[in-house]
Amino acid sequence: MRKILLIFVLLSCSLSMAASTLAQQADSAYNAEDYNRAIELYKASITNHGVSSDIYYNLGNAYYRAGQLGRAVLSYERALRVDPTNGDARTNLDFVRSRIQDRPEDDTAFISSMHHSLMGSLTANTWAWTAFVVFLLFLGAVALYIFSTSVTLRKTGFFGGLVLLFVFLYFLLVAYDANDYATSHETAVVVVPSTQLSSVPRASKSANDRVVTIHEGTSVEIVDSISTPDDPVSPKWYNVKINNNTKAWMRSSDVERI
């Protein structure tokens, strides 16, 4: 048993050292301004040793320095999916987005936008624990209402309990949505210099079929997909939304899912 435990410890240490070595090599390449080499090493670290918010953040920096804004946006988004509290990734994401060519109008309802911002500020587990703490406070308010002999305290327990119950249920919803968002792959980022959105899932020379041209770094929401094996341009097309007012088809090869 001790031998098995020792082997496990040695294996864990070996894997940790290998991951650290790849990350250090990538950092060295980045500091030497060999950004393409840094990109390959960061990607190798992710492939061999799993995802990390910091590694995705560093990968985004390398992509930005290499002039690949779309993949920089993609990497920062992935860093925030792993850890929404990564402030450096959020700051750099906002900076890179300010430099991309397309800035689709956000026509999301105010309440929905606020909910999404709140949801993305913490991890799903943190929101779940926050909901649990609020539930304990709700139980305290119920106990205050039941056992207190003071009318004022009973009113405080009653109305405070109602508020806490509402907050608890809302935080549960936020935790559920945060988990769903973190594991969702419906959002994608354009990784080619530009691509043409079309009203039909095929390459068309007709101006009537062309909706709009979007550029590298633009985020889209994938609504549907269709396979087109006989299409020489693209074997698969995505039906995407830029915002609630723009919905069209595009080649799947021009975007990468977050």
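The values are calculated or read from the model by the stated rules, or taken from the named source; none is laboratory data. Just so we're clear, the structure is a prediction, and the values are computed from it rather than from any experiment. Don't worry about glycine lacking a Cβ; one is built from the backbone with ideal geometry, like all the others, and counts go over all protein chains shown. Just so you know, the surface numbers come from the protein's heavy atoms only, side chains and all, with ligands and any DNA or RNA stripped out. Shrake-Rupley method; radii C 1.70, N 1.55, O 1.52, S 1.80 Å.
Summary of computed values
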quantity	calculated
Selection from region 41-54 of residues that are assigned to a helix (DSSP H, G or I) and open to solvent by 20 Å² or more (accessible area, probe 1.4 Å)	LYS43, ALA44, ILE46, THR47, ASN48, HIS49, ASP54
2 or more residues touching a residue at least 40 places away in the same chain (Cβ under 8 Å): qualifying strands (runs of 3 or more DSSP E) within region 161-255	187-190, 194-198, 210-215, 236-243, 246-251
Residue in region 227-238 that is open to solvent by 40 Å² or more (accessible area, probe 1.4 Å), polar (S, T, N, Q) and within 21 Å of the chain's Cα centre (by Cα) present	no
Per-region count, region 147-160, residues in contact with a helix residue (DSSP H, G or I) (Cβ under 6 Å, 6 or more places away or on another chain), in contact (Cβ under 8 Å) with a residue 12 or more places away in the chain and not small (Gly, Ala, Ser)	1
All positions within region 104-146 that are in contact with a Pro (Cβ under 7 Å, 6 or more places away or on another chain) and touching a residue at least 40 places away in the same chain (Cβ under 8 Å)	GLY120, LEU122, THR123
Residues of region 70-85 classified as open to solvent by less than 60 Å² (accessible area, probe 1.4 Å) and outside any helix (DSSP H, G or I), total	2
Qualifying residue in region 86-108 (condition: farther than 30 Å from ASN245 by Cβ and either open to solvent by 60 Å² or more (accessible area, probe 1.4 Å) or in a helix (DSSP H, G or I) (or both))	yes
Some residue of region 20-40 being open to solvent by less than 40 Å² (accessible area, probe 1.4 Å), touching a helix residue (DSSP H, G or I) at 6+ places or on another chain (Cβ under 9 Å), modelled with pLDDT of 95 or more and closer than 21 Å to ARG257 by Cβ	yes
Qualifying residue in region 167-183 (condition: acidic (Asp, Glu), more than 20 Å from ALA131 (Cβ to Cβ) and open to solvent by 40 Å² or more (accessible area, probe 1.4 Å))	no
Residues that are surrounded by fewer than 15 Cβ atoms within 10 Å (Cβ to Cβ) and modelled with pLDDT of 85 or more, drawn from region 190-226	VAL192, PRO193, SER194, SER199, VAL200, VAL212, THR213, VAL223, ASP224, SER225, ILE226
